[in-house]
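Shown below is the structure under consideration.
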Amino acid sequence: MRYCYNCNRVTYGKPLFCNFCGRSYNVKLCPRLHPNGRNAQACSQCGSRDLSTPAPKAPVWISLVVFGLSLLPGFLLSLVSLLFVIAAIHAIFASPRMLLASLFLAFALAILWAVWTRLPLALRQFIRKRLLDRENGGHRP
């Protein structure tokens, strides 16, 4: 699925061109569909000067929003961990019977932290794959 920043519509699948306005996605393509950079004047493989018009680049604010959303789970997990530490200290001093419940919560938080430390690698690989698809106009290198 690709989003066209020219006509603001979605084309499903892995298309080379927008189905609505006909612009290519982030590259210029010659009639033989060779991918070229956005600033190319002629095809680097066949020399054709008949190149497609690429759709505009994604706005900067979109990448900032995606980055912010990727930090949100880590921020929430840190906040919950901090609240847990405060509650555990309070529970130890107020009622020693709450110590067992605090240990179970600590174990759950440890599991969440373990998952979180492994998630960014998978997320980075997913984003890298999507960016390569976008840069190559749907072609794999």
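The values are calculated or read from the model by the stated rules, or taken from the named source; none is laboratory data. Since we're looking at a predicted model, the values are computed, not measured. So basically every Cβ, Gly included, is an ideal-geometry build from the backbone, and we count neighbours across all protein chains shown.
Among SER81, SER24, which is hydroxyl-bearing (Ser, Thr, Tyr) and without any contact (Cβ under 8 Å) to a residue 60 or more places away in the chain?
SER81
In segment 1-33, which residue that is among the small types (Gly, Ala, Ser) and under 23 Å from LYS129 (Cα atoms) is surrounded by the fewest Cβ atoms within 10 Å (Cβ to Cβ)?
GLY13
Per-residue answers, yes or no, for (1) among the β-branched types (Val, Ile, Thr); (2) within 27 Å of MET1 (Cβ to Cβ):
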position	(1), (2)
ASN19	no, yes
ARG23	no, yes
VAL27	yes, yes
PRO31	no, yes
LYS57	no, yes
SER63	no, yes
LEU71	no, yes
MET98	no, no
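Does segment 80-98 contain at least one residue that is of a type in the set (D, E, K, R) and surrounded by 15 or more Cβ atoms within 10 Å (Cβ to Cβ)?
No: zero hits.
May I pose another question? Output the residues belonging to segment 48-58 that are surrounded by fewer than 13 Cβ atoms within 10 Å (Cβ to Cβ) and outside any loop (DSSP other than H, G, I, E, B).
If the condition is that a residue be surrounded by fewer than 13 Cβ atoms within 10 Å (Cβ to Cβ) and outside any loop (DSSP other than H, G, I, E, B), then no residue fits.
Going residue by residue through segment 34-47, is there one that turns out to be surrounded by 11 or more Cβ atoms within 10 Å (Cβ to Cβ) and in a helix (DSSP H, G or I)?
No.
Further question: Mind counting the residues in segment 2-14 that are under 18 Å from LYS57 (Cβ atoms) and either assigned to a loop (DSSP other than H, G, I, E, B) or modelled with pLDDT of 90 or more (or both)?
4
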